[in-house]
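Right, one structure below, let's go through it.
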Amino acid sequence: MAAKKRTTTGRTKSQLQPKVCQRAPRKTPDFDHVVEVTKRLLQEKGDPRLRIEDIMAETGIAKSSLYAKFGDRDGLVAAALARQFQEIVTESLDGLRYVVDRSSTPAELERMLGVVLKMTLSDPRDVQRMTRIAVLANSIGEPQFRARLEEAQTTLTDGIVHIIATGAAKGLVTPRYEIRTIANFIQAYTLGRVLVSFDSNRLPGEVDEWARLVGDLVGLMLFPDGTAEKHQKN
């Protein structure tokens, strides 16, 4: 039997062949999870302290995959903020839609709107309002991000317009002003609570007074002829 040809090192050619390593199958990045984690970390740390390394460590995503999908850190932050904004929009519409769908008389609708108004004045809502304003502020100088927020904001306003129009068609409200103007005012008074939260001289009963004032204004816009009161007496 012929001996195997050996190299100068004394090893056979077969021993010199490079070993082929089996790669583990690549895992498709879960970008939805990445955005959710980024959103949570933004709430916990704030934008200035958010590090890409923290997101990578928690999600296992490679930096190359992250940058290929979102462009850069700012793109990822924008995606997380846009989702957060959209969630606020969805929650707001669901609450108002529920109230109108469940009301059968103007008086009932007015009472339920009063309950919703009180809920919007709770402390957790202050955080949500601040978050919404922070998201809007992040769109300065970012036209693409602003376009995404405009789309979400327009969806919210369109939704409120539709809900008010539905209430009018059911005979529950009689809008005194253009419905879109009313829809924008409702959102404006909600965001206005952010300023109140920075008033260190607020009176103890300020929340109830605010609720009464807004209730009167909303009543003027939606029940200008006292429809709800008349219906209630009948």
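The values are calculated or read from the model by the stated rules, or taken from the named source; none is laboratory data. Since this is a predicted model, take the numbers as computed values, not measurements. No Cβ is skipped: glycine too gets one built from the backbone with ideal geometry, and neighbour counts run over all protein chains shown.
Computed values, structure above
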read-out: Index of the failed condition, GLY167 passing every other in (1) modelled with pLDDT under 85; (2) surrounded by 14 or more Cβ atoms within 10 Å (Cβ to Cβ); (3) not β-branched (Val, Ile, Thr); value: (1)
read-out: Evaluation of ARG97 against (1) over 18 Å from GLU142 (Cα atoms); (2) assigned to a helix (DSSP H, G or I); (3) without any contact (Cβ under 8 Å) to a residue 60 or more places away in the chain (one fails), failing number; value: (3)
read-out: Evaluation of SER200 against (1) of a type in the set (Gly, Ala, Ser); (2) more than 14 Å from LYS118 (Cα to Cα); (3) in a helix (DSSP H, G or I) (one fails), failing number; value: (3)
read-out: Residue within the stretch 218-233 that is modelled with pLDDT of 90 or more, farther than 19 Å from VAL99 by Cβ and out of contact with any Lys or Arg (no Cβ under 8 Å at 6 or more places or on another chain) present; value: no
read-out: Scan of the stretch 132-151 for residues that are surrounded by fewer than 18 Cβ atoms within 10 Å (Cβ to Cβ) and within 23 Å of ILE182 (Cα to Cα), ordered by number; value: ILE133, LEU136, GLU150, GLU151
read-out: Long-range neighbours under 8 Å by Cβ, at least six apart or interchain, first residue more than 17 Å from GLN86 (Cα to Cα) and touching a residue at least 12 places away in the same chain (Cβ under 8 Å) within the stretch 27-51, second part of a helix (DSSP H, G or I) and among the acidic types (Asp, Glu); value: LEU41/ASP54; LEU41/GLU58
read-out: Residues located in the stretch 115-127, provided they are buried (at least 17 other Cβ atoms within 10 Å of the Cβ) and part of a helix (DSSP H, G or I); value: LEU117, THR120
read-out: Candidate set from the stretch 71-94 (those that are part of a helix (DSSP H, G or I) and among the small types (Gly, Ala, Ser)); member that is surrounded by the fewest Cβ atoms within 10 Å (Cβ to Cβ); value: GLY75
read-out: Test: TYR177 is assigned by TED's automatic domain parsing to the domain that holds ILE52 and not acidic (Asp, Glu); value: no
